[in-house]
1. Can you give the helix-only mean residue ellipticity at 222 nm for the chain, where every DSSP H stretch with n ≥ 4 adds -39500 (n - 2.57) and the sum goes over all residues, rounded to the nearest 500 deg cm²/dmol?
2. Measuring with a 1.4 Å probe in the full set of protein chains, what accessible area per residue, in whole Å², belongs to the chain?
3. By the gyration tensor of its Cα atoms, with a ≥ b ≥ c the square roots of the eigenvalues, what is the shape of the stretch 11-57: rounded for a/c under 1.5, prolate for a/b over b/c, or oblate?
4. Take each of the peptides 68-75, 10-17, 42-49, average the number of other beta-carbon atoms within 10 Å over its residues, and list them starting from the highest.
5. Tell me the label-point distance for the pair Glu20, Arg49, using the 7 Å Cα-to-Cβ offset, in nm and rounded to one decimal.
6. From the protein chains alone at 1.4 Å, what is the descending order of accessible area for Ser58, Ser83, largest first?
7. For helix 59-72, report the angle its Cα long axis makes with the longest principal axis of the Cα atoms of the chain; keep it between 0 and 90° and round to the nearest 10°.
8. Please report the carbon-and-sulfur percent of the accessible area for the stretch 1-84; probe 1.4 Å, protein heavy atoms only, DNA, RNA and ligands left out.
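The values are calculated or read from the model by the stated rules, or taken from the named source; none is laboratory data. Given the structure is predicted, the values throughout are model-derived calculations rather than measurements. Note: ideal-geometry Cβ built from the backbone for every residue, glycine included; neighbour counts use all protein chains shown. Surface areas here come from the heavy atoms of the whole protein model, side chains and all, with no ligands, DNA or RNA. Shrake-Rupley method; radii C 1.70, N 1.55, O 1.52, S 1.80 Å.
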Amino acid sequence: MPFPPAPPLPLREGDREKLEALVRKRTLAQRLVFRAKILLYCADGLPHRQIKRQLHTSVDTVVRWRGRYKQEGLDGLQDRPRSGRPPTFSP
């Protein structure tokens, strides 16, 4: 039995404009643009499987970024520090 579609993601005030601006930027890291697109699609009410197909990712990725936004807002789109040895080359 398939899962029911998730309800549209309610965005905080002013966040839609900020996310749309992130998607339009040409010099921004593509991982942030990708995450912003996920949130915009979720806010528009698209099912996770359709977002998965449009962005060529997994449902788990869509659910992860949706949940991170719900908990932390736009600050949750940034990469978190990773464990292990620090990189030897700068990004």
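1. Numbers: 4 runs with 46 residues, N = 91.
My calculation for the chain gives -15500 deg cm²/dmol from helical runs alone.
2. Values: 6960 Å² over 91 residues.
In whole numbers, the chain has 76 Å² accessible per residue.
3. Details: a/c = 2.94, a/b = 1.20, b/c = 2.44.
It is oblate, given that a/c is not under 1.5 and a/b is not larger than b/c.
4. Working: 68-75: 14.1, 10-17: 11.9, 42-49: 16.6.
Descending mean neighbour count gives 42-49, 68-75, 10-17.
5. Output for this residue pair reads 3.0 nm.
6. Details: Ser58 45, Ser83 115 Å².
Result of the area sort, largest leading: Ser83, Ser58.
7. 80
8. Carbon and sulfur: 51 percent of the exposed surface of the stretch 1-84.
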